[in-house]
Amino acid sequence: MLYTEEVLDRRTGTLNTISIGDWVTLTELGELHGVGSREVRSILRQIDIISIEGRGKNTRHRLQPWFVERGYGKRVTPTKRRSPFDVIGPEGRLWIKSHWVEAVAALEAERSVPKVVEARIALATFQAREGRTPLSVKQSIYWLCHHYPDLMHTEMASIINVSQQLVSREVKIRAACRKALEQRKEQPVPILERRVLMSVPYDAL
């Protein structure tokens, strides 16, 4: 997206419109590098450009303050009808390009750990079963927790291609639900008294 700014010419008192370059969203940046929306966010998290903000349905990736302060990106907050989003400018894209290969290599190193490779293949095999509805992110996390409980949150995040914060939150919710269920099982089952209704002759009332 091409962005412009209006600059006041103090000599003439007129506003001049100047171009400040082509700015792209996080997803568009990924397309420029040939990766999907989740993958580009994983790479940008790796070089500390974005972080998770908000809670629940309002959770989203936002640019780090230091990146914005350098003029590399902008945090855009539109009207109430649209969600906030961020864009990265030409200088920001150059900075990212200079760190891209290193970030991708670091991610690949994390993903090449044998137990991570095994868990990723197992999850993909399970999802590929004929007629199976694709698992949501939450379901994928729960599946890994059940079948590979020794995985660290960062490892599960690399398998599903989401943030470690998201994994940690869902694991915490799962643990709380399981604890509540166990406590419910331990509670004694109340014994209901059996009451026998005796018929009383009408004339005895």
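Numbers below:
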item	result
Checking residue 138 against (1) open to solvent by less than 80 Å² (accessible area, probe 1.4 Å); (2) touching a helix residue (DSSP H, G or I) at 6+ places or on another chain (Cβ under 6 Å); (3) under 29 Å from residue 171 (Cβ atoms), the condition it does not meet	(1)
Set 62, 55, 45: member being assigned by the TED database to the domain that holds residue 27, open to solvent by less than 40 Å² (accessible area, probe 1.4 Å), out of contact with any Leu (no Cβ under 8 Å at 6 or more places or on another chain) and within 24 Å of residue 154 (Cβ to Cβ)	62
Selected residue (criterion: surrounded by the fewest Cβ atoms within 10 Å (Cβ to Cβ)) from residues of the stretch 33-42 that are in contact with a helix residue (DSSP H, G or I) (Cβ under 8 Å, 6 or more places away or on another chain), assigned to a helix (DSSP H, G or I) and not small (Gly, Ala, Ser)	39
Residues that are acidic (Asp, Glu) and open to solvent by less than 40 Å² (accessible area, probe 1.4 Å), drawn from the stretch 141-174	155, 170
Pairs, first assigned by the TED database to the domain that holds residue 165 and touching a residue at least 40 places away in the same chain (Cβ under 8 Å) in the stretch 114-139, second among the aromatic types (Phe, Trp, Tyr) and part of a loop (DSSP other than H, G, I, E, B), C-beta under 7 Å, six or more apart	119/148
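Conditions tested, residue by residue: (1) open to solvent by 60 Å² or more (accessible area, probe 1.4 Å); (2) part of a helix (DSSP H, G or I).
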site: 101; (1), (2): yes, yes
site: 104; (1), (2): no, yes
site: 107; (1), (2): no, yes
site: 122; (1), (2): no, yes
site: 126; (1), (2): no, yes
site: 129; (1), (2): yes, no
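The values are calculated or read from the model by the stated rules, or taken from the named source; none is laboratory data. Values in this document were obtained by computation on a predicted structure and should not be read as measured data. FYI the Cβ positions are ideal-geometry reconstructions off the backbone, even for glycines, and counts take in every protein chain you see. These area figures cover heavy atoms from the full protein model, side chains too; ligands, DNA and RNA do not enter into them. Shrake-Rupley method; radii C 1.70, N 1.55, O 1.52, S 1.80 Å.
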